[in-house]
1. Along Cα→Cβ, 7 Å out, is where each label goes; now give me the distance between the ones at residue 156 and residue 83 in nm to one decimal.
2. Calculated FRET efficiency, residue 199 and residue 90, Cβ-Cβ r, R0 45 Å, to nearest 0.05?
3. Go ahead and collect, in residue order, the members of segment 287-316 whose backbone nitrogen is under 12 Å from a label point 7 Å along the Cα-Cβ direction of residue 326.
4. Arrange 443, 195, 130 by Cβ neighbour counts within 10 Å, fewest through most, would you?
5. Report the full-extension gain for the segment residue 256 to residue 448: residue separation times 0.36 nm, less the Cα-Cα distance, to one decimal in nm.
6. Stretched out fully, how many nm does the piece from residue 117 to residue 40 gain, at 0.36 nm a residue minus the Cα gap?
7. Figure the gain on full extension for residue 425 and residue 58 (residue separation times 0.36 nm, minus the Cα-Cα span) and round it to one decimal in nm.
8. Using just the C-alpha positions of the chain as equal point scatterers, what log10 of I(q)/I(0) does the Debye formula give at each q in 0.09 1/Å?
């Protein structure tokens, strides 16, 4: 049975007006000793990458608009994931309960402030859409086929195919992800090049100013850091006070999963176009399948180092917290802690109205996270009831290494691909908004933004 990929990337505004630079909280010593895992990740030496490319303010793309589809390498799902989905699909019934009540504590009803046509979709599959918005109202939006800038009124300022924007002479460019670094008032973007070890590259792109129209500094990093016939896939990015971070999954050329890796980059050099110092980590405890960096959730950044989170991709009862303790040159460690949580498991793939074709709900990997006031907030997809999926929203207390979770959704509907962001005016306010996709046998797929969960006591 053919399945469609079901994805979206959404950025939600934080309401903070003050820039914070905050140190990470310390994990309680006795708890850290109890929950720390034994395997010590390996770090490379500090490497230096000179500037590879420059996108100047007068860059005018060719925009050949070559029509290429299915540009991303498709990995087979882990057998365990596929087996669980197939078993649960047999249990799943098509029903809709008109009396069902959607979970969540809706203290705020979202209101659309601006509405305008955004980055075009020309059927590159999947779109891998990603977006970032600056304090000055500049919007950078990227999909697998193209990159565009807008202002907050919806006026398009720039458009280019991604292949024209980034060098792609030997392989396809794909998997873009962009964020706004409010601590530096700049944009940071990553895209990948190639799906084999011989051509795999990671493009690290730093905006020259807070206006993306002024140009970008671009560094081409190896996508096969271990030299073991692997290539880099599924990037995630984060930022601290002095560094930016790129995580990814390494796959052998046979398409078998190798391991996750973490790149640690000096952002001051990147934002100035200088010689970029960087290092990478591998042999990471628990062999995480996707590491999610947790940047500061409001204005500013944390440090030194950063927290990252991961979980099991199909079922489990734990979360892994990774603490990168310091910046390059300061003898950083990558400590790993196991945090118990409510059991979770992926549900069946999703129904949609008007067709028997199922939508792929993915798996239980953590897709979105941020850190604020001693707490890591994150969200992933997991079964809620009757083989349907909900949004598994979590708050991990870093100092105590405890996790609180809740699974939100609606009977007869699948909720998938959540994105969580702070929705608050102070760092002590834990209100969040979660954007997600929803579908059912009687409705077409839709994007929704619904939850504002106010306080710890209400969660």
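Where a number appears in this text, it was derived from the coordinates with a stated rule and is not lab data. Bear in mind the structure is a predicted one, so any value in this text is a computation, not a measurement. Quick reminder, even Gly has a Cβ in these numbers, built from the backbone with ideal geometry, and neighbours come from all protein chains shown.
1. Between residue 156 and residue 83, the label points sit 4.9 nm apart.
2. Plugging the Cβ-Cβ distance into 1/(1 + (r/R0)^6) gives 0.60.
3. 304-305
4. 443, 195, 130
5. Separation in residues times 0.36 nm, less the Cα-Cα distance, equals 65.7 nm.
6. Roughly 22.9 nm would be gained on extension.
7. Length difference between fully extended and current span is 128.3 nm.
8. With one equal scatterer per Cα and no solvent, log10 I(q)/I(0) is -0.56.
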